[in-house]
Amino acid sequence: MNRIGALLMWGGISALGAAAFGVLALSRGETINAAWLLTAAVCTYAVGYRFYSRFLASSVFGLDDRRATPAERFNNGRDFVPTNRWVLYGHHFAAIAGAGPLVGPVLAAQFGFLPGTLWLVIGVVLGGAVQDFTILFCSLRRDGKSLGQMAKEEISRSAGITGMLAVLFIMLILLAVLALIVVNALKASPWGLFTIACTIPIALLMGWWMKRWRPGKVGEASAVGAVLLLGALVAGGWVAAQPQLAPVFTHSATAITWMMVAYGFVASVLPVWMLLCPRDYLSTFLKITTILVLALAILVILPPLRMPALTPFAKLGEGPVFAGKLFPFAFITIACGAISGFHALVASGTTPKMIARESDARLIGYGGMLMESFVGVMAMIAACTLDPGVYFAMNTTPAGLAQASQVLSQAGFVVTPEVMHQLATQMGEQTLIARSGGAPSLAVGMAQIFAGVTSALGGRTLAALWYHFAIMFEALFILTTIDTGTRVGRFMLQEIVGHVWPRFGETSWYPSVLGSSALIVAGWGYFLYQGVVDPLGGINSLWPLFGISNQLLAAVALCVGTTILIKMGRQRFAWVTLAPLAWLVIVTMTAGWQKVFSPDPRLGFLAHAASLAGSPNPDAARLIFNDRLNTFVALLFMTVVGVLIVTSLREWWLVLSKRKPAVVHEAPFVESAYATGD
């Protein structure tokens with residue numbers, strides 16, 4: 001394409017995106033078509049990837065395909081394995097795209113469709129994708145070292161060790177929350193559990209196919225895996241309808257908890273090519289296909305956004321889904337999809353050990369995060385196309401609905417019990433009232449969009465089938481993060497213990513692999529179990545802590561990235577990480593302070609614990625313990641990250657003022673044996 005044609009094309013894309021944002025922002029109560037929201041997001045992603053990621057890759061990082069990557073230099077067939085970039089894109093996307101981009105936007109929809117959409121789209125282009133790409137590049141140049149190890153080497157030893165411990169504990173909380181959503185989605189669901197279970201042998205087959213039987217035949221393995229996955233979906237419905245087989249795959253939340261723990265352990269100790277990579281690649285096939293089909297369905301049926309741009313709860317801070325005003329809580333409720341610290345663990349964990357060429361980091365790091373944000377936008381659309389009364393009835397407890405009844409009535413967000421019963425019948429469920437956590441309401445929204453397409457094409461709506469497919473889709477989406485997160489946690493624990501026991505730090509020493517994996521799954525398994533038995537359902541207690549800790553972790557990652565850029569002599573480009581860092585510190589510290597010290601019992605941990613003192617509620621003791629534990633963990637994370645930020649500021653000042661030499665800890669240049677373009 002010639003220069004004039006390219007200018008016209010990208011100018012047109014930019015103008016279309018700007019026009020779509022204008023329609024969304026300037027609406028004054030009239031109904032807005034969901035296609036405008038979709039158009040605004042896609043155009044922004046295209047421009048961001050084409051221009052901003054290219055600027056980062058060439059001008060800021062200087063990616064060089066002549067340099068051998070850790071996967072090539074340390075290829076051991078277990079953790080360091082050069083991998084096809086599209087397969088690795090699938091693994092990376094599957095690893096980062098957990099519960100956050102599905103659940104966070106659905107919960108934040110209580111503020112209206114506009115705030116969450118702006119944060120998802122603008123936040124990812126300028127913040128989330130930049131963080132992922134930066135940390136992936138830094139780890140690539142440092143033999144695939146973890147975020148904590150890079151903090152120790154680049155900032156200071158004490159700050160690094162403290163940061164490594166904080167990152168490890170934060171990650172345990174993140175994995176517990178992700179696992180909790182899977183447990184809630186699969187409990188008493190034989191269809192979903194059977195289908196999810198089938199993905200494991202299918203992934204093993206694909207791994208052996210691409211590694212042993214037909215090396216490099218990614219297309220063949222993909223086709224076989226796709227056919228088997230679709231067969232598992234259909235078979236799941238048949239199994240659920242069989243009175244003899246359904247009980248075999250129908251289990252309580254506690255039983256599924258132990259299954260999750262066992263799976264996390266096994267997946268983290270097997271070679272990446274055997275289960276982790278092919279399973280994530282298979283999951284990504286389903287995820288991306290579903291999201292793209294959902295986007296096409298939106299363009300076909302053009303559903304209206306029934307949720308207004310802003311609801312009364314954006315200012316009042318008394319929302320029935322969760323308490324707190326739009327600032328700062330919209331920006332911690334939506335973490336994954338805009339910016340997520342967990343991604344830095346993956347970008348400095350499994351992914352840099354599998355990249356074959358440095359140039360692949362642009363597609364995988366920046367492009368993978370854009371796709372996750374697109375998932376978040378789809379989740380926002382699905383939630384906001386629901387009738388607001390249905391949305392609040394599904395995502396709020398009966399007590400919460402009663403407290404917010406006046407505001408809901410004034411806004412017209414009401415729904416009758418008869419309507420909810422009819423909706424539950426259509427979806428093949430007994431009830432949809434008070435199905436909090438975001439996943440069921442997202443499934444209903446997706447089911448209604450897909451049912452609208454099948455109806456428009458002359459077929460049956462198949463609402464119940466689409467609903468259960470969406471539930472399975474969400475569970476599969478989240479579960480793939482557990483295996484990668486556990487493996488990343490194993491790497492981190494091995495590094496930490498390796499300082500006092502060097503042999504334990506050897507990632508290829510199998511006793512260390514088994515022991516560290518067992519400790520990691522025990523850690524997040526404990527918090528998962530506490531969430532499962534929590535009287536409030538776990539999500540109410542853990543999700544705010546998830547959002548705060550996740551964004552604090554992102555602040556740590558951006559501190560490390562900024563430090564490395566300054567030491568590389570590229571301080572003129574440090575604004576690419578400093579700008580999102582400053583925003584995250586303001587937002588997250590404000591949210592953390594309010595969650596701990598707010599006098600409102602619906603918002604503050606300490607206030608809620610005080611309100612339960614002397615209560616006859618038999619669950620009061622457990623709730624008080626959870627509040628105090630949340631308080632301790634939140635304050636611990638805020639303090640540690642605050643110390644790390646101050647230490648980073650000092651390091652920047654010393655280097656920039658020439659009081660300290662700028663020493664970088666990059667691995668020496670080794671020329672790659674791969675020919676460019678292979």
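The values are calculated or read from the model by the stated rules, or taken from the named source; none is laboratory data. Because the structure is a prediction, the values reported are computed rather than measured. Note that we place each Cβ from the backbone using ideal geometry, even for glycine, and neighbour counts take in every protein chain shown. The protein model used for the area step is the full one, side chains on, heavy atoms only, and it has no ligands, DNA or RNA in it. Shrake-Rupley method; radii C 1.70, N 1.55, O 1.52, S 1.80 Å.
Restricting attention to region 479-488, does a residue exist that is modelled with pLDDT under 75, open to solvent by less than 40 Å² (accessible area, probe 1.4 Å), assigned to a helix (DSSP H, G or I) and hydrophobic (A, V, I, L, M, F, W, C)? Scanning region 479-488 turns up at least one residue that is modelled with pLDDT under 75, open to solvent by less than 40 Å² (accessible area, probe 1.4 Å), assigned to a helix (DSSP H, G or I) and hydrophobic (A, V, I, L, M, F, W, C).
Note on region 1-116: enclosed helices (runs of 4 or more DSSP H) holding 2 or more residues that are modelled with pLDDT under 90 and at negative phi are 3-26, 85-96, 100-108. On the stretch given as region 565-602, residues that are open to solvent by less than 20 Å² (accessible area, probe 1.4 Å) and hydrophobic (A, V, I, L, M, F, W, C) total 9.
For every residue, the table says whether it meets (1) outside any loop (DSSP other than H, G, I, E, B); (2) of a type outside the set (Gly, Ala, Ser); (3) at negative phi; (4) buried (at least 22 other Cβ atoms within 10 Å of the Cβ).
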{"position": "332", "(1), (2), (3), (4)": "yes, yes, yes, yes"}
{"position": "338", "(1), (2), (3), (4)": "no, no, yes, yes"}
{"position": "361", "(1), (2), (3), (4)": "yes, no, yes, yes"}
{"position": "374", "(1), (2), (3), (4)": "yes, yes, yes, yes"}
{"position": "379", "(1), (2), (3), (4)": "yes, no, yes, yes"}
{"position": "389", "(1), (2), (3), (4)": "yes, no, yes, no"}
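Looking at 73, 66, 141, just one residue is open to solvent by 10 Å² or more (accessible area, probe 1.4 Å), of a type outside the set (Val, Ile, Thr), more than 15 Å from residue 375 (Cβ to Cβ) and touching a helix residue (DSSP H, G or I) at 6+ places or on another chain (Cβ under 9 Å), and that residue is 141. Just a yes or no: is a residue in region 175-192 part of a helix (DSSP H, G or I) and closer than 30 Å to residue 563 by Cα? Yes, region 175-192 contains a residue that is part of a helix (DSSP H, G or I) and closer than 30 Å to residue 563 by Cα. Close contacts from region 15-31, counting a first residue that is closer than 18 Å to residue 45 by Cβ and a second that is in a loop (DSSP other than H, G, I, E, B), with Cβ to Cβ under 8 Å and a gap of 6+ residues or different chains, come to 24/309. The number of residues in region 153-199 that are buried (at least 23 other Cβ atoms within 10 Å of the Cβ) and of a type in the set (Lys, Arg) comes to 0. When residue 519 is tested against the conditions (1) among the hydrophobic types (A, V, I, L, M, F, W, C); (2) touching a Leu at 6+ places or on another chain (Cβ under 8 Å); (3) at pLDDT below 85, the lone failure is (3). As for region 490-503, it holds at least one residue that is crowded, with 24+ Cβ neighbours inside 10 Å and under 14 Å from residue 266 (Cα atoms). Considering region 401-420, and only residues there that are at pLDDT 75 or above and among the small types (Gly, Ala, Ser), the residue that is surrounded by the fewest Cβ atoms within 10 Å (Cβ to Cβ) turns out to be 412.
Here the condition is being at pLDDT 75 or above, of a type outside the set (Asp, Glu), open to solvent by 10 Å² or more (accessible area, probe 1.4 Å) and in a helix (DSSP H, G or I); of 442, 423, it holds for 423 alone. Give all pairs with beta carbons closer than 8 Å in which a residue from region 246-266 that is within 15 Å of residue 179 (Cα to Cα) meets a residue that is assigned to a helix (DSSP H, G or I) and open to solvent by 50 Å² or more (accessible area, probe 1.4 Å); count only pairs at least 6 apart in sequence or on separate chains. Once the first residue is within 15 Å of residue 179 (Cα to Cα) and sits in region 246-266, its partners that are assigned to a helix (DSSP H, G or I) and open to solvent by 50 Å² or more (accessible area, probe 1.4 Å) give 253/184; 254/529; 257/529; 261/522; 263/200. Here residue 299 does not qualify as open to solvent by less than 10 Å² (accessible area, probe 1.4 Å), touching a residue at least 24 places away in the same chain (Cβ under 8 Å) and part of a helix (DSSP H, G or I).
Confirm whether residue 270 is open to solvent by 10 Å² or more (accessible area, probe 1.4 Å) and either at pLDDT 80 or above or among the hydrophobic types (A, V, I, L, M, F, W, C) (or both). Judged against the criteria, residue 270 is a match. Scanning region 30-63 for residues that are surrounded by fewer than 20 Cβ atoms within 10 Å (Cβ to Cβ) and closer than 12 Å to residue 140 by Cα yields one hit, 63. Within region 182-200, residues that are closer than 10 Å to residue 256 by Cα sit with their Cβ atoms under 7 Å from residues that are among the hydroxyl-bearing types (Ser, Thr, Tyr), at 6+ positions apart or across chains, in these pairs: 183/257; 187/252; 188/250. Starting from residues that are among the hydrophobic types (A, V, I, L, M, F, W, C) and crowded, with 24+ Cβ neighbours inside 10 Å, keep the ones in region 340-357 and report whichever is farthest from residue 42 (Cα to Cα). Taking the candidates together, the pick is 354. Residue under question is residue 309, and the condition is that it be assigned to a loop (DSSP other than H, G, I, E, B), open to solvent by 10 Å² or more (accessible area, probe 1.4 Å) and either under 30 Å from residue 456 (Cα atoms) or in contact with a Leu (Cβ under 8 Å, 6 or more places away or on another chain) (or both); does it hold? Considered against the rule, which asks whether it is assigned to a loop (DSSP other than H, G, I, E, B), open to solvent by 10 Å² or more (accessible area, probe 1.4 Å) and either under 30 Å from residue 456 (Cα atoms) or in contact with a Leu (Cβ under 8 Å, 6 or more places away or on another chain) (or both), residue 309 comes out as yes. Residue-level check: of (1) open to solvent by less than 10 Å² (accessible area, probe 1.4 Å); (2) over 30 Å from residue 341 (Cβ atoms); (3) not small (Gly, Ala, Ser), residue 212 misses just (1).
When residues in region 646-664 are screened for being at pLDDT below 90 and open to solvent by less than 70 Å² (accessible area, probe 1.4 Å), 2 of them pass.
Consider region 76-119 and keep the residues that are within 12 Å of the chain's Cα centre (by Cα), more than 25 Å from residue 215 (Cα to Cα) and not small (Gly, Ala, Ser). The one that is surrounded by the most Cβ atoms within 10 Å (Cβ to Cβ) is 105. Per the listing 234, 239, the residue uniquely part of a helix (DSSP H, G or I), at pLDDT 85 or above and β-branched (Val, Ile, Thr) is 239.
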